[in-house]
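Undergrad: This is the structure I have questions about; it appears just below.
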Amino acid sequence: LFLAGKKGQAKGGEKGYWVPVGEAAESQGKGKGKDKGKGKESSGKGKEKVKSKGKGKAKVEWRPKVEVEGLGRKKIAEMSMEVRDDNPYSRLMALKRMGVVENYEKIRTFSVLIVGIGGVGSVVAEMLTRCGIGKLLLFDYDKVELANMNRLFYRPEQSGMSKVDASLATLKSINPDVEFEAYNRNITTNENYEHLLGRIKNGGMDCKSPVDLVLACVDNYAARMTINQACNELDQTWMESGVSENAVSGHIQTMIPGRYACFECAPPMVVAAGEDESKIKREGVCAASLPTTMGITAGFLAQATLKHLLKFGTVSNFLGYDALGDFFPTYAMAPNPDCGSNQCRKRQQEWKDRPKEAEPEKKAEEAPAELHPDNEWGICVEESTDAVATPEPPKEPKVDTKGTSVADLMASFKKLTSG
């Protein structure tokens, strides 16, 4: 992607996202001849042309401006609870001070692999980056398009870039403390599937241990089945997410192999009915997309990730969102004993055979503590034996009309007043 600018702009003078770096960007032509010393010219049509007569070829590498010019903050060695305007972690560490999270700084020890850096995945990646996650591994093979601009995260000047490269540049500028790996690969091919397995197994912070969690933010059946197969094979916990074709509902689902239903245990209705999986995504139909639904689903997924990693709150097996009815269904999904995945059935048996966790001992109820044991002022409360008489309500006086009706009385009253 090249920056569209005015003709004759000097190096580094662009106010856009990308700037040229390299020999040709130094404005010193290395060739011999009339154009020596002139370097490059900008055509102003979005792509800069380099003119250099003589020997050698000019090289230009385009990089994000924030990376080249060193914008943004420096790395921070340790998270601090100190409340300061220049501490990006102070409000996150407040969760620890308020008793929500026991040890928030542990977030730096976790690695999360995200497949699909689109409307949901890119926002989840940004949220986890801002939260100070230790490491993110990003997988996608699509490119940023102007049609994606109704969603969050991506910018128009990134159009044409691969999503992993565009997201990598943005995320690094947000938080340089996070480690990143980016792979522009289609995981559904045999070669790339093996690469995905390798990064799940060895993508931890030490590059030897497994990742702590896998997030699936893909929009097709084949990719979900691929991730399901990989995580069942490696006994890897993962979370699946999705947004409906009409953009008014979404969901997240936690997959713990053997404990909960895997994606193959409860496939989409089309597949469960024995029809062709290609009907899930209808040919020629432009799916609707709302940044609101995408953002809400991404928020649910990022929140569930934090709760799972930092061990606070409850992580639902399935959490849905219906925008039309403001309905948030949540329920558990047991694994299917007849699941078509051999690995899933294997994990189910392992879960049944696992050692049972000892139930925590119930503590005896303690007597309530005395509120003021010292009683500095010697105050005592005693029961009163003197009963306080309750006054009787006043009785309303009764008027004896001696059998005369109200109408007759009113007529006599009028005669008196008229006279």
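The values are calculated or read from the model by the stated rules, or taken from the named source; none is laboratory data. Everything quoted here is computed from the prediction, not taken from an experiment. Please note: Cβ atoms are built from the backbone with ideal geometry, for glycine as well, and neighbour counts cover all protein chains shown. Heads up: the accessible areas ignore ligands, DNA and RNA and are worked out on the full protein's heavy atoms, side chains in. Shrake-Rupley method; radii C 1.70, N 1.55, O 1.52, S 1.80 Å.
Undergrad: For Arg97, what accessible surface area do you get with a 1.4 Å probe? Give it in Å², rounded to 10.
TA: Roughly 130 Å² of Arg97 is accessible to a 1.4 Å probe.
Undergrad: Can you send over the solvent-accessible area of His251, 1.4 Å probe, protein chains only, in Å² to the nearest 10?
TA: 50
Undergrad: Among DSSP beta bridges whose residues both lie in segment 101-211, state the antiparallel percentage, nearest 5.
TA: 10
Undergrad: Let me ask another. Ranked by accessible surface with a 1.4 Å probe, highest first, in what order do Asp140, Asp165 come? Walk me through the numbers before you get to the answer.
TA: Numbers: Asp140 20, Asp165 80 Å².
So the residues, ranked largest to smallest area, are Asp165, Asp140.
Undergrad: Once amide H atoms are built 1.01 Å from N in the peptide plane, which residues 5 or more positions from Met255, or in another chain, come under 5 Å H to H?
TA: Amide H neighbours of Met255: Trp238, Met239, Glu240.
Undergrad: Hey, another quick one. Using a 1.4 angstrom probe on heavy atoms only, work out the carbon and sulfur share of the accessible area of segment 176-267 in %.
TA: On segment 176-267, the fraction of accessible area on carbon and sulfur atoms equals 42 percent.
Undergrad: Let me ask something else. What number comes out for accessible area per residue over segment 90-202 if the probe is 1.4 Å? Units Å², please. Can you show the working numbers first?
TA: Values: 4760 Å² over 113 residues.
Result: 42 Å² per residue.
Undergrad: Can I ask one more? Show Trp351, Trp238, Trp377 ordered by accessible area, largest first, where the area counts protein heavy atoms only and the probe is 1.4 Å.
TA: Trp377, Trp351, Trp238
Undergrad: To continue, here is another question. Around Leu197, what is the net charge, scoring Lys/Arg as +1 and Asp/Glu as -1 over all other residues with Cβ under 14 Å from its Cβ?
TA: Taking every other residue near Leu197 into account, the sum is -1.
Undergrad: A further question follows. Go through Lys106/Lys307; Lys75/Lys135; Lys135/Lys208; Lys75/Lys307; Lys106/Lys311; Lys75/Lys201 and tell me which ones have a Cα-Cα distance over 18 Å in this structure.
TA: Values: Lys106/Lys307 12 Å; Lys75/Lys135 14 Å; Lys135/Lys208 13 Å; Lys75/Lys307 25 Å; Lys106/Lys311 11 Å; Lys75/Lys201 28 Å.
Long pairs (Cα-Cα over 18 Å): Lys75/Lys307; Lys75/Lys201.
Undergrad: In whole Hz, what ³J(HN,Hα) sequence does segment 178-184 give by Karplus (6.51, -1.76, 1.60; θ = phi - 60°), x for Gly and Pro?
TA: 7, 8, 10, 10, 10, 10, 8
Undergrad: Another question, then. Per-residue accessible area for Lys201 at 1.4 Å probe radius, Å² rounded to 10?
TA: 100
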